[in-house]
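Read through the structure below, which is laid out as structure tokens, and then see the notes.
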Amino acid sequence: MKLLSVIVPCYNEEENVPFFYEEFLKNELYFKEKGIDWEILYVDDGSKDNTAEEVRKLHISDERVHLLSFSRNFGKEAAMYAGMEKAKGDYVVIMDADLQDPPSLLPEMFAGLEEGYDSVATRRVTRKGEPAIRSFFARMFYRLMKKISRTEIMDGARDYRLMNRKMVDAILSMQEYNRFTKGIFGWVGFQTKWLEFENVKRLKGETKWNFWKLLWYSIDGITAFSTAPLSFAAVMGVLFCVLAFVLILFIIVRTLIFGDPVSGWPSLVCILSLISGVQLFCLGILGQYLAKTYMEVKKRPIYLLKEEL
Ligand code: UDP
Ligand code: MG
């Protein structure tokens, strides 16, 4: 028998926990046929509702259901890492608790592994039911990442992915604190098959990602998988030096020919504020990388457990 570990990050998902379990069980027949045992690891990411209690109830009736409870909210990235660390399975799959990652795709995903792939990943081809500006910025993010990062990050990719042990161990070997799993998946390589599906609406509750949280998340992604913004700062520096040199020559020649009537105060102010803006912007970029480095060298644990069932 092979073992499948299902990792379900949950943050305030009390309503969805039992539904997820039921929906997942619909694959039971398929798993029996294939000789696959399974375990579900609900990772309670410091929920403020009764998520942990709901999982405990399931655990009592079915010992294949496990609970990992964080001491506070550490974020989905930490939840996925914790799940992978504790998973005993030969295969691991990560799924959202809100059923936006349909369990009915699992047989098709296993078929991919049988074809010899190391992992089968999913991506949404539509973003129906999502606010338009959110989709717009998401598209922009993926387009930018394609340009500035050598790591492949697929547009619309979800964290819903079935992997074999080899790939899970590779991901676990990346111990970084600033985790951006969508990038890590691409970075470790291995053969990946992509399945596409239409966006499914969240079953119950609300999304935990507002616009600002997503914006910060995208900055995490950029700093984790590209150093292009740092080069951008350097290029800006060179460009402005060249510009300044040309301007100096121009002013000297003009003064020699036309004398020196004192004027140009408005243009001076404009140039000054433009350049200090660019300078602060570049300093900000530098600051972002410094902050990430700072967090990284502290070597803080990625998550802390309060309870394990
Ligand atoms: N999640 C989590 N910790 C967080 C935020 C979210 O574990 O801090 C979980 C959440 O419970 C869900 C999954 O991550 O199972 C995806 O979150 P959500 O559905 O809110 O995101 P969306 O699908 O809207 O992108
Ligand atoms: Mg969701």
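Throughout, read-outs are computed from the coordinates displayed, never taken from laboratory work. Please read all numbers here as calculations on a predicted model, not as lab measurements. Here the Cβ is made from the backbone with ideal geometry for all residues, glycine too, and neighbour counts use every protein chain on show.
Observations, loosely collected:
- Scanning segment 59-80 for residues that are outside any loop (DSSP other than H, G, I, E, B) and farther than 15 Å from Ile7 by Cβ yields His59, Ile60, Ser61.
- Just so you know, in segment 198-216 the residues that are in contact (Cβ under 8 Å) with a residue 24 or more places away in the chain and hydrophobic (A, V, I, L, M, F, W, C) include one that is farthest from ligand 2 (Cβ to nearest atom), and it is Leu215.
- So Ile252, is it surrounded by 12 or more Cβ atoms within 10 Å (Cβ to Cβ) and of a type in the set (A, V, I, L, M): no
- Listed by first and then second residue, the pairs with beta-carbon distance under 8 Å, at least 6 apart or on different chains, first residue in segment 38-52 and over 14 Å from Ala97 (Cα atoms) and assigned to a loop (DSSP other than H, G, I, E, B), second more than 8 Å from ligand 1 (Cβ to nearest atom) and among the basic types (Lys, Arg), are Gly46/Arg72.
- Long-range neighbours under 6 Å by Cβ, at least six apart or interchain, first residue free of Cβ contacts under 8 Å to residues at least 12 places away in the same chain within segment 135-150, second surrounded by 11 or more Cβ atoms within 10 Å (Cβ to Cβ): Ser135/Arg127
For (1) in contact with a His (Cβ under 9 Å, 6 or more places away or on another chain); (2) within 16 Å of ligand 1 (Cβ to nearest atom); (3) more than 18 Å from Leu4 (Cβ to Cβ); (4) part of a loop (DSSP other than H, G, I, E, B), each residue gets a yes or a no:
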position: Asp101; (1), (2), (3), (4): no, yes, no, yes
position: Arg123; (1), (2), (3), (4): no, yes, yes, no
position: Met154; (1), (2), (3), (4): no, yes, yes, yes
position: Asp159; (1), (2), (3), (4): no, yes, no, no
